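These notes are about the structure you will find just below.
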Amino acid sequence: MEPAPVHRPVYAREMSELEHDVLEMASHAEAMVTKAVDALQRLDVVSAREVMRDDDEIDIKEIAVEQRCLRLLALQQPMAADLREIGTVIRIITDIERVGDLAVDLAKITLKIDRELGATDYVDIPLMANAARQMLRLATQSFVKKDTSTIHEILDTEDRVDEMYRSLRGQVFDYMLANPDQVVSAGWVLLAIHHVERIADHALNIAERVEFMVTGEVGRRRV
């Protein structure tokens with residue numbers, strides 16, 4: 001048997017605060033993605049630069065949350081389920097921080113395409129980004145609720161994101177053939193689409209980590 005828990009009210013309060021911090025980080029990252037994709041679609045360099053500045057807040061929050069997790073491990077004698085929960089928080093904030101980094105990368109691409117006098121509105125990147133953001137939202141909500149019932153929806157949405165990625169990539173290749181003078185800027189669009197697909201991958205990572213936290217099983221998939 002596991003030893004009797006000590007200072008459980010303290011642990012519960014700390015975990016509640018950590019959950020709030022994770023939600024706050026995820027909400028900030030999602031807002032960055034929204035602004036970055038909108039800036040990319042409209043080639044709004046002012047908004048793109050704002051996204052780049054916003055990244056510092058997520059980086060600071062990630063360090064603070066990680067330090068609190070380590071303090072919990074050191075001081076609260078966590079049991080097996082607690083260890084999974086704390087470990088999940090540490091892994092989740094890494095994925096969220098990388099989503100923020102990808103939003104910054106999208107913002108930088110906006111600046112590069114603007115300098116090339118290119119275009120982006122010939123592909124529907126916002127549609128793909130909306131699906132990726134939905135995955136991120138569902139995954140972080142499942143963490144707070146400790147509920148794995150949305151894993152199938154997240155997996156289905158990832159399939160749709162992959163389909164959109166392939167479709168948009170084909171549209172960019174067609175655009176390159178029709179507009180050889182825009183090959184450089186279109187190449188940046190290809191990279192932007194890839195970044196959005198990576199955001200969906202990080203959201204799926206979060207969902208899988210939550211599934212392990214709740215069930216203790218790794219890599220379960222729908223039948």
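Some observations on this one:
- Members of 108/146; 61/112; 61/108; 61/146 lying beyond 27 Å, as alpha-carbon distances in this model show: 108/146; 61/112
- Degrees, to the nearest 10: 80-115 long Cα axis against longest axis of the chain: 20
- Relative to the longest principal axis of the Cα atoms of the chain, the long axis of helix 125-145 makes an angle of roughly 0 degrees.
- Taking θ as phi - 60° and the Karplus parameters 6.51, -1.76 and 1.60, the scalar couplings of segment 193-198 work out to 4, 5, 4, 5, 4, 5 Hz in sequence order, x denoting glycine and proline.
- Partner aspartates and glutamates whose Cα lies under 17 Å from the Cα of residue 145, excluding those fewer than 8 positions away in the same chain, are identified as 14, 17, 19, 21, 24, 82, 85, 153, 208, 211.
- Correct choice for Cα Rg over 2.2 N^0.38 Å that was computed from the model, options (1) 1.02; (2) 1.19; (3) 1.14: (3)
- Here is the list for segment 118-223: trypsin sites (Lys or Arg not before Pro) lying in DSSP coil, each with at most 14 other C-beta atoms within 10 angstrom of its C-beta, are 146, 220, 221, 222.
- Total charge dipole magnitude, segment 8-215, about the Cα centre, Cβ charges on Lys, Arg, Asp, Glu only, Debye to nearest 20: 320
- Angle of helix 151-178 to the longest C-alpha principal axis of the chain, folded into 0 to 90 degrees and rounded to 10: 20°.
Values in this text are rule-based calculations from the coordinates and carry no lab data. Note that the structure is predicted; figures quoted are calculated from it, not measured. When we count neighbours, we look across all protein chains shown, and the Cβ atoms used for this are built from the backbone with ideal geometry, even at glycine.
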